[in-house]
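Presented below is the structure to which this report refers.
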Amino acid sequence: MILLRQLRSSSLLPKRIISLNQSRSFFGGSQPQEYTIRKKINQPSDIFFKVVSGVDQYHKFVPYCTESFVTRYDQSDLPAEGGLKVGFKEFNEKFVCRIKCENNQDEPKLVEAESLSDNLFDHLKMKWYIEEDPKRPSATKMILHLNYKFSNPLYNTVSALFAENITKIMIKAFTKRAIEIKTEQQKQKQ
């Protein structure tokens, strides 16, 4: 809870999607791209954490993800290393990330990924902060912070043009998957 309050007051985490790097050129900018999304989701935080930390399931619901895998788990049986294969039209790439998952009870849950592959990204850092909404325990407050730069200048250019829309599509996919899991759990209880 304290961490999320600190994040809310931080100028690094604005209340809406913002591109902190506005420079674009035909051959791609040399600056990293950075986005932050804050959203309330009408699903319990434990289910949303399960969806976000379930990297090996991404290929089932994340658009443009054709393969997802976990290669190493931590002592809590949460992903510690894994990756994705993503494809869109003529773009098709695979990458591996170090993953850190913290399923905290009294603080925001955390899923953090940092690219280990240098073929696709110069760098990629992603952090999800997931917290139960204190006003509505059946809802979740989430913050997604992305900071990345592709190794390929063409990918940087394409990403700068479409990143905001793609990010919105991804958040919808995670939300829809959380609804599906909750529905499955309710059916099993009957």
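Per residue of region 164-171, in order, report the coupling 6.51 cos²θ - 1.76 cosθ + 1.60 (Karplus, θ = phi - 60°) as ³J(HN,Hα) in whole Hz, putting x for Gly and Pro.
5, 5, 4, 4, 4, 4, 5, 4
Go ahead and run the numbers for FRET between Tyr73 and Gln190, Cβ-Cβ distance against an R0 of 41 Å, rounding to 0.05.
0.85
Under the rule of at least 5 residues apart or a separate chain, name every residue whose amide H is placed under 5 Å from the amide H of Gln31.
HN-HN under 5 Å from Gln31: empty list.
Do you know the relative contact order of region 79-159, to the nearest whole percent, from alpha carbon pairs under 8 angstrom that are 6+ apart?
The value is 20 percent.
Near the amide H of Phe121, under 5 Å away, which other amide H atoms are found, from residues 5 or more places off or on another chain, if H is placed in the peptide plane?
Answer set, sorted by chain and number: Ser151.
Under a Cβ-Cβ cut-off of 10 Å, what is the net charge of the residues other than Lys127 that fall near it, where Lys and Arg count +1 and Asp and Glu count -1?
Cβ neighbours under 10 Å give a net charge of 0.
Considering only Cα-Cα distances, which of the following residue pairs are longer than 25 Å: Lys60/Lys168; Lys40/Lys109; Lys85/Lys182; Lys89/Lys109; Lys125/Lys168; Lys149/Lys176?
Beyond 25 Å between Cα atoms: Lys85/Lys182; Lys89/Lys109; Lys149/Lys176.
Could you order peptides 145-158, 64-77 by the average number of other Cβ atoms within 10 Å of their residues, highest first?
145-158, 64-77
How big is the dipole moment of region 102-190 about its Cα centre under a simple scheme where the beta carbon of each Lys and Arg is +1, that of each Asp and Glu is -1, and everything else is neutral? Debye, nearest 20, please.
For this selection, approximately 540 debye.
How large is ³J(HN,Hα) for each residue in region 116-128, as worked out from phi by the Karplus curve 6.51 cos²θ - 1.76 cosθ + 1.60 (θ = phi - 60°), to whole Hz, x for Gly and Pro?
9, 7, 9, 6, 9, 10, 5, 7, 9, 10, 9, 9, 10
Output wanted: per-residue J couplings in Hz (rounded whole) for region 56-67, from phi through Karplus 6.51 cos²θ - 1.76 cosθ + 1.60, θ = phi - 60°, x for Gly and Pro.
For region 56-67, the Karplus-derived couplings read 5, 9, 4, 4, 7, 9, 8, x, 6, 8, 9, 7 Hz, x marking Gly and Pro.
5 Å is the cut-off here: which amide hydrogens, built 1.01 Å from N in the peptide plane, fall below it relative to Ala139, excluding neighbours closer than 5 in sequence?
Placed amide hydrogens put Asp133 under 5 Å from Ala139.
The numbers here are math on the coordinates, done by the rules we state, and not lab data. Since this is a predicted model, take the numbers as computed values, not measurements. Cβ: placed from backbone, ideal geometry, glycine included. Neighbour counts: every protein chain shown.
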